[in-house]
Amino acid sequence: MGLLTIVLLLAELATWQNPQFSDPISRIRHYFVVDRGLANASVLFAALVATATLIFAAGLRAVLRRIEGDTDVLSTILFGSAVGFAAVQMVFAAVSGAIVLSAGQATDREIRLLVGMDDPYLDTLRILPLALMVGAASLAMLSGPGFARWIGWVGVASAALNLVGEISLLDPTGPIGDVGNASQVGLLFFLVWAVALSITLIRRPVAVAGELGPAR
């Protein structure tokens, strides 16, 4: 499910032309009207990413609870953050879908208002719970056996960079907005983290479970 999450995320990014609030209205309208099939595909992939992430987080929580035992704070934060990510991701997809439906008849002001909700706000805010999810999972992995430590540290780095990127919300269209570029590096680290973690669980599920001990 972790690998499926990555595939769906890449599909979402490949079909999303990332319309910006500051883009010419003609470019924005072209994507949502002329290329509406592509935009609708991105909306679907975004919703599927939310679903796959929830399932992945639920399974990972069950594994990491073996490390934490009764003090399952980090694994609880992991799953709670995944729920938060899925919620914001669904709102992001819904707003994008609303733009697709209305872009042909909406005024320039109405289109820019809706795009402003997607970018930069929802697009940036959905990274916050994702960062908390990855950070909590990685800290739990580092506190016990069963996983290569470098995977945990890649996750910590991803979470830190994505959290730094949230500073861009202080002034999204000004100089501070450039801090959001840290999230791009953080997302690259997330891809490496998710792929490495998923492969570990696929290749050594019995070994990992054995090293972590019986479930409590």
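The values are calculated or read from the model by the stated rules, or taken from the named source; none is laboratory data. Note that this is a predicted model, so its numbers are computed, not measured. Ideal geometry is used to build each Cβ from the backbone, glycine not excepted, and the neighbour counts take in all protein chains shown. With ligands, DNA and RNA removed, areas are computed over all heavy atoms of the protein, side chains included. Shrake-Rupley method; radii C 1.70, N 1.55, O 1.52, S 1.80 Å.
Among 120, 82, 150, pick out the residue whose Cα is farthest towards the positive end of the charge dipole of the chain, where Lys and Arg carry +1 and Asp and Glu carry -1 on C-beta, about the Cα centre. About the Cα centre, the residue reaching furthest to the positive side is 150.
Expressed as a whole percent, the accessible area of region 62-213 that falls on carbon and sulfur atoms is 70 (1.4 Å probe).
GNM remark for the chain: springs join alpha carbons under 10 Å apart, and the peak mean-square fluctuation among 26, 168, 102 falls on 26. Here region 52-144 has an Rg and Dmax of 17.4, 56 Å, counting Cα atoms alone.
Computed from the Cα positions only, the extents of the chain along the three principal axes stand at 60, 34, 24 Å, in decreasing order. Other residues whose C-beta falls under 14 angstrom from the C-beta of residue 186 contribute a net charge of -1, scoring Lys and Arg +1 and Asp and Glu -1.
A full extension of the chain between residue 185 and residue 40 corresponds to an added length of 49.5 nm, given 0.36 nm per residue minus the alpha carbon distance. Pairs of Cα atoms under 8 Å, at least six residues apart: use those to get the relative contact order of the chain, whole percent. That works out to 23 percent. Per-residue extension of 0.36 nm, minus the Cα-Cα distance of residue 153 and residue 58, leaves a gain of 32.1 nm for this segment. From its DSSP helices (H runs of at least four residues, each -39,500 (n - 2.57)), the chain gives a residue-normalised ellipticity at 222 nm of -24000 deg cm²/dmol.
Modelled spin labels at residue 76 and residue 143, positioned 7 Å past Cα toward Cβ, are 1.2 nm from each other.
The residues of region 44-167 have, on average, 41 Å² of accessible surface per residue, using a 1.4 Å probe with all protein chains present.
Taking the Cβ of residue 42 as the centre, find all other residues whose Cβ is under 15 Å away and add up their charges (Lys, Arg: +1; Asp, Glu: -1). Once positives and negatives cancel, what remains is -3. In this rough spin-label picture, where each label sits 7 Å from Cα along the Cβ direction, the residue 102-residue 18 distance is 2.6 nm.
Helix 2-15 and the longest principal axis of the Cα set of the chain meet at an angle near 10°.
Were the residues from residue 173 through residue 192 laid out at 0.36 nm apart, the gain over their Cα-Cα distance would be 3.9 nm.
What does the net charge come to around residue 83 if you take all other residues with beta carbon closer than 13 Å to its beta carbon, with K and R at +1 and D and E at -1? So the surrounding residues net to +2.
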